[in-house]
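Heads up, the thing below is written out as structure tokens.
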Amino acid sequence: MNISIQKVSAENLKPKPDENNLGFGKYFSDHMFTMTYRDGAWQKGAIEPYGNFSINPASMVLHYGQAIFEGLKAYRGKDEQIYLFRPKDNLARFNRSAARMCMPEIDIDEVYAGIRQLLEIEQDWVPSAKGATLYIRPTMIATEPALGVRPAKEYIFFVILSPVGAYYPEGFNPVKIFVTDKYVRAVRGGVGEAKTAGNYAASIMAAIEAQAQGFTQVLWLDACDRKSIEEVGTMNIFFVINDELITPPLSGSILPGITRDSVLKIAREWGLNVVERNITIDEVIGASENGSLQEVFGAGTAAIISPVGSLYYKDQEIVVNGGKTGELSQKLFDDLQAIQFGYKDDVKGWVDVL
Ligand code: COI
């Protein structure tokens, strides 16, 4: 890809944050990748100093919410090399989100080449501390100034980089999840399966109410029956009941997670009994009562594998595996991280080296 590059001068580079205290998404690297869309085509991309955009107050994203994003990571792993995990799968999902939101698709190969060039320049931002990675956030927003409700004709696509630690303050430790039947995140036929900003905006009220009561996250139920389990907004959810690994199917209202897909493939390879099927909160409670609920965990790029220690539903606490990390959650976490950091042979073609 023919892109223009404007570098920050050495004396203006930002100081690097403490790698052992990164939190999530608080720091941003020195450069970003940008590309604009107008006259029906993507223009030449640019790598430029990280900085503010100047956009028109009538930019359509500010009014009607055409905004999509992705999340993937660069890992500093074996032999100090930098690894990327299924990057083109993230960009393919980005294009599916774009199609759903009537936004222009990107050329995956060209954009991937741009991201690699950006990472080459920002190599020093990929942390080495245990559990730390460089989070990559491709985003597209509608910038055309117009107030009619229709697809915009102008967009900015950009990629920013943020060195991150664990997404949840708990790190790789069991989280407490609040199951809400008061709010819903998405509905079939809506935009739940697109990684679009509005889905996250819609989740905030339930999240703050749950956090005020001491919970880490919210588990969403189906908008119609308010019983079938959907996802945790920042991760997909898995249950182990009677030695069966169960996750809700991609019904249209949940995010088709890359980590979700990786877990399914790894678990099937291990010969586990894996099913994508409808599972209700009542079934989980029943399994907890009869002792067949073995593990619950979430899976996502930011969350990696996140064990669930308890679920709280209608004044009832469902404690999972004595509140401890389950065997399978630990094994999947270890295996996935070994692949992502390049320590395990990549037999599936999931990993690219920078
Ligand atoms: C991710 O896992 O990358 C996400 O996008 C979740 C979140 C931080 C919004």
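The values are calculated or read from the model by the stated rules, or taken from the named source; none is laboratory data. The model shown is predicted, which means the values in this text are computed figures rather than measured ones. Note that each Cβ is placed from the backbone with ideal geometry, even for glycine, and that neighbours are counted across all protein chains shown. These area figures cover heavy atoms from the full protein model, side chains too; ligands, DNA and RNA do not enter into them. Shrake-Rupley method; radii C 1.70, N 1.55, O 1.52, S 1.80 Å.
Tabulated data for the structure shown
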item: Test: residue in the range 93-101 that is on the phi > 0 side of the Ramachandran plot, away from the ligand (no atom under 16 Å from the Cβ) and assigned by TED's automatic domain parsing to the domain that holds A46; result: no
item: Flag for M140 being touching a Phe, Trp or Tyr at 6+ places or on another chain (Cβ under 9 Å) and free of Cβ contacts under 8 Å to residues at least 60 places away in the same chain; result: no
item: The range 226-256 - residue that is modelled with pLDDT of 95 or more and on the phi > 0 side of the Ramachandran plot and, of those, least open to solvent (accessible area, probe 1.4 Å); result: R226
item: Residue in the range 248-268 that is nearest to T301 (Cα to Cα), counting only those that are polar (S, T, N, Q) and away from the ligand (no atom under 16 Å from the Cβ); result: S253
item: Strands (runs of 3 or more DSSP E) completely within the range 134-247 that count 2 or more residues being farther than 30 Å from N52 by Cβ; result: 175-180, 217-220, 236-241, 244-247
item: V351 more than 30 Å from K227 (Cα to Cα) and either among the aromatic types (F, W, Y) or open to solvent by 10 Å² or more (accessible area, probe 1.4 Å) (or both); result: yes
item: E289 among the acidic types (D, E), surrounded by 18 or more Cβ atoms within 10 Å (Cβ to Cβ) and more than 23 Å from N199 (Cα to Cα); result: no
item: Filter result for the condition that a residue is modelled with pLDDT of 95 or more, farther than 26 Å from V126 by Cβ and either open to solvent by less than 20 Å² (accessible area, probe 1.4 Å) or not assigned by TED's automatic domain parsing to the domain that holds V263 (or both), over L328, L311; result: L311
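This table checks each residue for (1) open to solvent by 40 Å² or more (accessible area, probe 1.4 Å); (2) at positive phi; (3) within 18 Å of the chain's Cα centre (by Cα).
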| site | (1), (2), (3) |
| --- | --- |
| N56 | yes, no, no |
| F85 | no, no, yes |
| A113 | no, no, no |
| L119 | no, no, no |
| Q123 | yes, no, no |
| S128 | yes, no, no |
